[in-house]
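K.L.:
One structure, as structure tokens, below. Some questions next.
The values are calculated or read from the model by the stated rules, or taken from the named source; none is laboratory data. This is a predicted model, so every value here is computed, not measured. For neighbour counting, all protein chains shown are included, and Cβ atoms are generated from backbone atoms with ideal geometry for every residue, glycine included.
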4 protein chains.
Amino acid sequence: MIKVAIVGATGYTGAELLRLLANHPHAEVVAVTSRSEAGRRVDHLYPSLRGVVDLVFEKPTLEALADCQLVFFATPHGVAQALVPQVLAAGVRVIDLSADFRIRDIPLWERWYGQAHGAPDYVARAVYGLPEFNRALIANANLIACPGCYPTSIQLGLMPLLQAGCIDTTDVIANVASGVSGAGRQANIATLYSEVSDSYKAYGAAGHRHHPETQQGLSDMAGCPVGLTFVPHLLPINRGIHATLFANLTCDDVDLQSVFEDRYADEPFVSILPEGGHPETRSVRGSNFCQIAVHRPHGGRKVVVLVVEDNLTKGASGQAIQCMNLMFAWDETAGLNCVGLVP
Amino acid sequence: MIKVAIVGATGYTGAELLRLLANHPHAEVVAVTSRSEAGRRVDHLYPSLRGVVDLVFEKPTLEALADCQLVFFATPHGVAQALVPQVLAAGVRVIDLSADFRIRDIPLWERWYGQAHGAPDYVARAVYGLPEFNRALIANANLIACPGCYPTSIQLGLMPLLQAGCIDTTDVIANVASGVSGAGRQANIATLYSEVSDSYKAYGAAGHRHHPETQQGLSDMAGCPVGLTFVPHLLPINRGIHATLFANLTCDDVDLQSVFEDRYADEPFVSILPEGGHPETRSVRGSNFCQIAVHRPHGGRKVVVLVVEDNLTKGASGQAIQCMNLMFAWDETAGLNCVGLVP
Amino acid sequence: MIKVAIVGATGYTGAELLRLLANHPHAEVVAVTSRSEAGRRVDHLYPSLRGVVDLVFEKPTLEALADCQLVFFATPHGVAQALVPQVLAAGVRVIDLSADFRIRDIPLWERWYGQAHGAPDYVARAVYGLPEFNRALIANANLIACPGCYPTSIQLGLMPLLQAGCIDTTDVIANVASGVSGAGRQANIATLYSEVSDSYKAYGAAGHRHHPETQQGLSDMAGCPVGLTFVPHLLPINRGIHATLFANLTCDDVDLQSVFEDRYADEPFVSILPEGGHPETRSVRGSNFCQIAVHRPHGGRKVVVLVVEDNLTKGASGQAIQCMNLMFAWDETAGLNCVGLVP
Amino acid sequence: MIKVAIVGATGYTGAELLRLLANHPHAEVVAVTSRSEAGRRVDHLYPSLRGVVDLVFEKPTLEALADCQLVFFATPHGVAQALVPQVLAAGVRVIDLSADFRIRDIPLWERWYGQAHGAPDYVARAVYGLPEFNRALIANANLIACPGCYPTSIQLGLMPLLQAGCIDTTDVIANVASGVSGAGRQANIATLYSEVSDSYKAYGAAGHRHHPETQQGLSDMAGCPVGLTFVPHLLPINRGIHATLFANLTCDDVDLQSVFEDRYADEPFVSILPEGGHPETRSVRGSNFCQIAVHRPHGGRKVVVLVVEDNLTKGASGQAIQCMNLMFAWDETAGLNCVGLVP
């Protein structure tokens, strides 16, 4: 058993870490921090954890964190970059679920996030925590930048095509929809039940923070710059991301189903649906699986890829634990055996 | 006051006609037919109509229909084509909300709907009931083929661009999501609450019945064949369609906001949002409005159009009443003053 | 056409007044006030009102209000009591949708609402705006205290039994559930989509602000003090209140169905379902109707009354307009012809 | 590892058994039967089980079942009673999740379920599978009648009070609300998304099948007949039951919080909230926990108990597995470590 801490555990990704780690065979959460809730029992804030988690929120101190082998940051952007250097210096490994270390182009990060980066030297040292692309690097990393929820779905959906070199990389479209938990647990009129339920809308159509991260990742996979149009939407569901991806085929004789099945044959958490399938977000509700289907409408040159994941699990906390398992050389699926909750 | 009848009034589009016509100043529903519910009070099936509708379902007979000036068919495809010739012969005008008379290419219709067409000669006599494109023809028609819900949203979203000639017509993408009421009121496991709620999925990605109708309409608008990729999705909401449309601009100096505002300046039911807007389906819940926004992400060559409508109102029964108003030379908005129900 | 103003029109009851008044034949909204949104177009905040409402929020000033014949207060408690005296002094009638003038026992009000009452002398002058109980007084009132949403449903459900004298008044139970819009449009973690959706809970089981108001109303109806147990619940729906009321019969030979049908025979907005019915909240979604059913399980001494209303319509803004219609001697149903939006 | 089979595994309780048993340390599902889906892969019907369950539905045969140590019946009522005698005769133990063996009064069962009982002699041999009441008997049983979802919540909520002898047993009220999955996975208009979502209603107010089962259980606990009023409601949520229970205290000096805490101190799956709490159904979504709070409004003689459970887990399949664990003398919590999925 290693000791782990969670910084910023009052949010939904923090709660999801607690839910999943409650049954982890090799890691035990010994500290959860929150400035606002220090002194309150975790299961008072999250009654779903009654009988499962017996911790009290405490103020974040280096002392508490330094006692662990690993610290998860489940904080809004801007927080991890202020603390990570000290934590690493104390010999503790870090998995950051925020956007702080994802984008290698610092000025680009600063433009999208509207602030100066507090630890720019650490960005290059961070490993992008997408196991399906970066498994070997993750195993040896001390600092993981966990991918965003949207970028995970888009990258997993396009990687087989980009690596097979069979699509036009200059014009790729990602029409993606997310459940409301992606917006976090913050008092906000825009995500009130009465504003969101029984409705649907796009947002950020002219530009969104996850665009540069996704474009960087796709370009890494393609080995060349990828032109991406990305339109996010807000779904009236709790959890789940559904990506509908469009690209133009550059070769005619490709067997798309095989491209996907072969690419992910050995992946424990990526499942390719049989030909003609349509994944549903609920199939992966609470699970770390990503399910994918690929279509070629009317046999034309357009390829349509459908991807689902749980934004809090494979899109955040589950992926973080998958990275932890790699970092500590455990079974990659340890603690991640939750089956999608249906119905 | 004219007398109207509704054939197939037990379904959701039939119920929506009853809801809207309850307050229409010039038309009175005098007969509602249903084979399965004949003899039952309408307000027993739809308690929302208690105190509003005092009718009893009756079996469909030519006699009952011939007494009216207008008959709405709110039936599944295949039903109207069997009755419409006799109804028209009796001097009664018809608005068909089903797919029976929408597609001019009869073999194409027969392939998608899996049956021989029962009244192929009437297809050419039918006017496609999209007022924003066909207003003059509708006014003089005896037989209206009301557009499908998906096709309405896609056509209204692309018409300004197609008529302005500023997009590549060979590659247009419609990523569209519909509320569950679009699937109708039929016992069906796939649309149970426990199958649909808190989830999201695409369906028909390889081909859908609304594709040929939409492609025909877009090509009429463009004056040339339009290449369309159409992927429908199922939203966990009652009512509402949201279309996210992608096209490639062929000219650089076009003012997209003006193209849309000018095209729809005189339309009573199409509203263009201010620049940067994102329409929500709830804004038009129960109303006949269609709201549209247009974006050009990162100022590139891709144009993104966002469209919302209520699939049962502007996408079906409201549009049918709008057509009726035109056919009888009434104020086009008569009986259509419902404001979107928010929240 | 009279001129009316709405103070506090950014909240859901304010928006509901705007939705309903948009089609009122005798009243026109000429001013909407909001401190926080002054200067912003109403249809920018509520895009559902595009093409319907052409007003701009303004700061609340006596000048703007004094120009009207009627002012609606759709404000949180504590606001109306500060302004109402001046508005009345200017000769303008007032309908207050908040709790400020509902409870005659001032110290009781002050205990539940945690503040000193700002206009205690006006409480006795206010008429409780429940038309089914107080129609004559409402017609002549200058100041209406509109009932709360929960109290409306409970009072309408129990009034026939209390007035018929056939239940034990010492032990009445109201198990009531409300949609989330009842909590208002305020940034609040507890009513986020991700906190409320796909879940259900009671709240305030040990005591709730609507208890004293309801108990006062029931006692007025009974002519003696009524002992009430009231447990509110939060439903994952936008609009709607469902009350399940339990009482013990004191006489055996009462025909419950007739008691209800007779009591409400002439009421335009109360509808008694046929024997054995179960009202659904959706049947009155967006409408001013209240639907009621009465049951006597296993023919025993317990009577169960089921009541539904839309908390924003009959439970707030629709009832306010019904009061206005009475105050100005118009048809009581003017502007209230919206049919329940189903599905 | 024992071998278990599931008869009727296409329904929601069957799927829930599969979800939970996928991670059970001592039991392996070796056969799943379904007449309608024989030959189809389980993960084709339930894609959430991809990568988790590798079985194919087969027709139910005694041969397949006789090879197991235990058979779960997750069938509609009337099915288990036809097969159970043979299965028991083959030396296989049975846990029946249907209503077939729950009610000891055979004519009463036959009246409510509208058919002759097919195995009346087996009813007396069945043990009612509520571990908190019947733990010792369950351990030695060969045939378990698993409690219904509603009865579980009501019995767990009232048992402490009944056993403490501090309430009037002649007048107990259960106002209970259930998620839609309780209605099962059957094509049915009444449980379509468009009929249920964004709405709420009572049903069966005059009488419901779970009344006699619950009354029998409560009377067993009280040692005398209990008078119960039971009104079920349909919630627009997937999973979850919330019971609001009302009773009249017969003694004044009882410490209600202690009565509950003491009664359930050693129960692994019943959790009493701190004083003043209000349990939410989501807290136990997908978990086997039951959470309870107790209130005494205004310090009066009425006691209000609030209970939540997941109708598919503690209300059905989770409880069945808890019984299995007792029958085979394993840790009672084996395979039941799922934490409530929040949000």
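K.L.:
Consider A:D168 carefully, then state whether it is under 24 Å from B:Y200 (Cβ atoms) and of a type in the set (D, E, K, R).
P.N.:
no
K.L.:
Restricting the search to region A:263-286, which residues are assigned to a strand (DSSP E or B) and not hydroxyl-bearing (S, T, Y)?
P.N.:
Hits for region A:263-286 are A:V270, A:I272, A:E280.
K.L.:
Can you name the residue in region B:79-90 that is outside any loop (DSSP other than H, G, I, E, B) and of a type in the set (A, V, I, L, M) and is also farthest from the other protein chains (Cβ to nearest Cβ) among such residues?
P.N.:
Top of the filtered list is B:A89.
K.L.:
When the residues of region D:266-286 are narrowed to those that are more than 7 Å from chain C (Cβ to nearest Cβ) and of a type in the set (D, E), which ends up surrounded by the fewest Cβ atoms within 10 Å (Cβ to Cβ)?
P.N.:
Within region D:266-286, the match that is surrounded by the fewest Cβ atoms within 10 Å (Cβ to Cβ) is D:D266.
K.L.:
Now for a separate question. Here are A:R135, A:R102, A:R111: which of them is within 30 Å of A:M159 (Cβ to Cβ), of a type in the set (K, R) and crowded, with 21+ Cβ neighbours inside 10 Å?
P.N.:
Just a single option satisfies the conditions, and that option is A:R102.
K.L.:
Given the structure, is C:P76 in a helix (DSSP H, G or I) and under 17 Å from C:V123 (Cα atoms)?
P.N.:
Details: in a helix (DSSP H, G or I): no; under 17 Å from C:V123 (Cα atoms): yes.
Judged against the criteria, C:P76 is not a match.
K.L.:
With (1) crowded, with 22+ Cβ neighbours inside 10 Å; (2) part of a loop (DSSP other than H, G, I, E, B); (3) not polar (S, T, N, Q) as the list, and C:M159 as the residue in question, which single condition is left unmet?
P.N.:
Unmet condition: (2).
K.L.:
If you take the residues in region D:165-192 that are in contact with a Ser or Thr (Cβ under 7 Å, 6 or more places away or on another chain) and among the polar types (S, T, N, Q), which one is nearest to D:L249 (Cα to Cα)?
P.N.:
D:N175
K.L.:
Separate question: Output yes when any residue across region D:290-309 is out of contact with any strand residue (DSSP E or B) (no Cβ under 8 Å at 6 or more places or on another chain) and farther than 28 Å from C:V172 by Cβ, and no when none is.
P.N.:
no
K.L.:
Examine region C:241-251 for a residue that is of a type in the set (V, I, T) and buried (at least 18 other Cβ atoms within 10 Å of the Cβ), and state whether such a residue exists.
P.N.:
yes
K.L.:
Taking region D:167-176, which residues are buried (at least 19 other Cβ atoms within 10 Å of the Cβ) and farther than 17 Å from C:E280 by Cα?
P.N.:
Passing the criteria: D:I167, D:T169, D:D171, D:V172, D:I173, D:A174.
K.L.:
Here is a follow-up. Being under 22 Å from A:L83 (Cα atoms) and hydroxyl-bearing (S, T, Y) is the filter; apply it to region A:1-51 and report the residue that is farthest from the chain's Cα centre (by Cα).
P.N.:
So, considering only residues that are under 22 Å from A:L83 (Cα atoms) and hydroxyl-bearing (S, T, Y), the one farthest from the chain's Cα centre (by Cα) is A:S36.
K.L.:
Of all residues being more than 14 Å from chain C (Cβ to nearest Cβ) and within 25 Å of B:D96 (Cα to Cα) in region B:301-320, which is surrounded by the fewest Cβ atoms within 10 Å (Cβ to Cβ)? Just the residue, please.
P.N.:
Checking each candidate, the answer is B:A320.
K.L.:
Just one of C:E261, C:E332 is acidic (D, E), in contact (Cβ under 8 Å) with a residue 40 or more places away in the chain and either surrounded by fewer than 24 Cβ atoms within 10 Å (Cβ to Cβ) or in the same structural domain as C:G11 (by TED's automatic domain parsing) (or both); which is it?
P.N.:
That would be C:E332, the only listed residue that is acidic (D, E), in contact (Cβ under 8 Å) with a residue 40 or more places away in the chain and either surrounded by fewer than 24 Cβ atoms within 10 Å (Cβ to Cβ) or in the same structural domain as C:G11 (by TED's automatic domain parsing) (or both).
K.L.:
Need pairs with beta-carbon distance below 6 Å; first residue in the same structural domain as C:A243 (by TED's automatic domain parsing) and within region C:192-217, second among the acidic types (D, E); sequence gap 6+ or separate chains.
P.N.:
Close Cβ pairs satisfying both conditions: C:D198/B:D198; C:S199/D:E280; C:K201/D:E280.
K.L.:
What's the total number of residues in region A:235-257 that are more than 9 Å from every other protein chain (Cβ to nearest Cβ) and not hydrophobic (A, V, I, L, M, F, W, C)?
P.N.:
The number of residues fulfilling the criteria is 5.
K.L.:
Further question: Is at least one residue of region B:176-184 over 18 Å from the mean Cα position of the chain (by Cα) and within 14 Å of chain A (Cβ to nearest Cβ)?
P.N.:
There is no residue in region B:176-184 that is over 18 Å from the mean Cα position of the chain (by Cα) and within 14 Å of chain A (Cβ to nearest Cβ).
K.L.:
Which condition breaks for D:Y200 when tested against (1) within 11 Å of chain C (Cβ to nearest Cβ); (2) of a type outside the set (D, E); (3) surrounded by fewer than 24 Cβ atoms within 10 Å (Cβ to Cβ)?
P.N.:
The number of the failed condition is (3).
K.L.:
Now, a different point. Restricting attention to region B:177-197, report how many residues are β-branched (V, I, T) and surrounded by 24 or more Cβ atoms within 10 Å (Cβ to Cβ).
P.N.:
Of the residues in region B:177-197, 2 are β-branched (V, I, T) and surrounded by 24 or more Cβ atoms within 10 Å (Cβ to Cβ).
K.L.:
Can you tell me how many residues within region D:321-343 are within 13 Å of chain A (Cβ to nearest Cβ) and not in a loop (DSSP other than H, G, I, E, B)?
P.N.:
Residues in region D:321-343 being within 13 Å of chain A (Cβ to nearest Cβ) and not in a loop (DSSP other than H, G, I, E, B): 0 in total.
K.L.:
On to the next question. Being in contact (Cβ under 8 Å) with a residue 24 or more places away in the chain, assigned to a loop (DSSP other than H, G, I, E, B) and either buried (at least 24 other Cβ atoms within 10 Å of the Cβ) or of a type in the set (G, A, S) (or both) is the requirement here; does B:P151 meet it?
P.N.:
When the stated conditions are applied, B:P151 does not pass them.
K.L.:
So, one more: Have a look at C:P232, C:P212 and point out the one that is part of a helix (DSSP H, G or I), more than 16 Å from D:D198 (Cα to Cα) and within 11 Å of chain D (Cβ to nearest Cβ).
P.N.:
Exactly one of C:P232, C:P212 is part of a helix (DSSP H, G or I), more than 16 Å from D:D198 (Cα to Cα) and within 11 Å of chain D (Cβ to nearest Cβ), namely C:P212.
K.L.:
Inspect all residues belonging to region D:217-224 and state whether any of them is within 13 Å of chain C (Cβ to nearest Cβ) and either surrounded by fewer than 24 Cβ atoms within 10 Å (Cβ to Cβ) or of a type in the set (D, E) (or both). Give the derivation first.
P.N.:
So the first thing to find is which residues in region D:217-224 are within 13 Å of chain C (Cβ to nearest Cβ), and the list is none.
No: zero hits.
K.L.:
If I filter region D:118-141 down to residues being in contact with a Gly (Cβ under 9 Å, 6 or more places away or on another chain) and in a loop (DSSP other than H, G, I, E, B), which single residue comes out as farthest from D:P212 (Cα to Cα)?
P.N.:
D:A141
K.L.:
Hey, which of the helices (runs of 4 or more DSSP H) in region B:7-67, taking only ones fully inside, have at least 3 residues that are crowded, with 22+ Cβ neighbours inside 10 Å?
P.N.:
Those helices (runs of 4 or more DSSP H) span B:12-21.
K.L.:
Is there a residue in region D:91-98 that is without any contact (Cβ under 8 Å) to a residue 12 or more places away in the chain, assigned to a loop (DSSP other than H, G, I, E, B) and buried (at least 19 other Cβ atoms within 10 Å of the Cβ)?
P.N.:
No, region D:91-98 contains no residue that is without any contact (Cβ under 8 Å) to a residue 12 or more places away in the chain, assigned to a loop (DSSP other than H, G, I, E, B) and buried (at least 19 other Cβ atoms within 10 Å of the Cβ).
K.L.:
Please indicate, with yes or no, whether at least one residue in region B:287-297 is assigned to a loop (DSSP other than H, G, I, E, B) and facing chain A (nearest Cβ under 8 Å).
P.N.:
Looking through region B:287-297, at least one residue is assigned to a loop (DSSP other than H, G, I, E, B) and facing chain A (nearest Cβ under 8 Å).
K.L.:
OK, next. Find the residue count for region C:99-117, including only residues that are assigned to a helix (DSSP H, G or I) and either under 25 Å from C:N325 (Cβ atoms) or more than 22 Å from the chain's Cα centre (by Cα) (or both).
P.N.:
Keep residues of region C:99-117 that are assigned to a helix (DSSP H, G or I), which gives C:106-113.
When the remaining residues are screened for being either under 25 Å from C:N325 (Cβ atoms) or more than 22 Å from the chain's Cα centre (by Cα) (or both), the result is C:107.
Summing the residues that are assigned to a helix (DSSP H, G or I) and either under 25 Å from C:N325 (Cβ atoms) or more than 22 Å from the chain's Cα centre (by Cα) (or both) in region C:99-117 gives 1.
K.L.:
Name every residue in region D:250-269 that is within 24 Å of D:D168 (Cα to Cα) and not charged (D, E, K, R), in order of residue number.
P.N.:
At the first step, the residues of region D:250-269 found to be within 24 Å of D:D168 (Cα to Cα) are D:250-264.
Within region D:250-269, D:T250, D:C251, D:V254, D:L256, D:Q257, D:S258, D:V259, D:F260, D:Y264 qualify.
K.L.:
With the structure loaded, tell me whether A:N337 is buried (at least 24 other Cβ atoms within 10 Å of the Cβ) and under 22 Å from A:V29 (Cβ atoms) or whether it fails that test.
P.N.:
On the way: buried (at least 24 other Cβ atoms within 10 Å of the Cβ): no; under 22 Å from A:V29 (Cβ atoms): yes.
Considered against the rule, which asks whether it is buried (at least 24 other Cβ atoms within 10 Å of the Cβ) and under 22 Å from A:V29 (Cβ atoms), A:N337 comes out as no.
K.L.:
May I pose another question? Does D:H298 count as without any contact (Cβ under 8 Å) to a residue 24 or more places away in the chain and surrounded by fewer than 24 Cβ atoms within 10 Å (Cβ to Cβ)? Spell out the reasoning first.
P.N.:
Details: without any contact (Cβ under 8 Å) to a residue 24 or more places away in the chain: yes; surrounded by fewer than 24 Cβ atoms within 10 Å (Cβ to Cβ): yes.
In short, yes.
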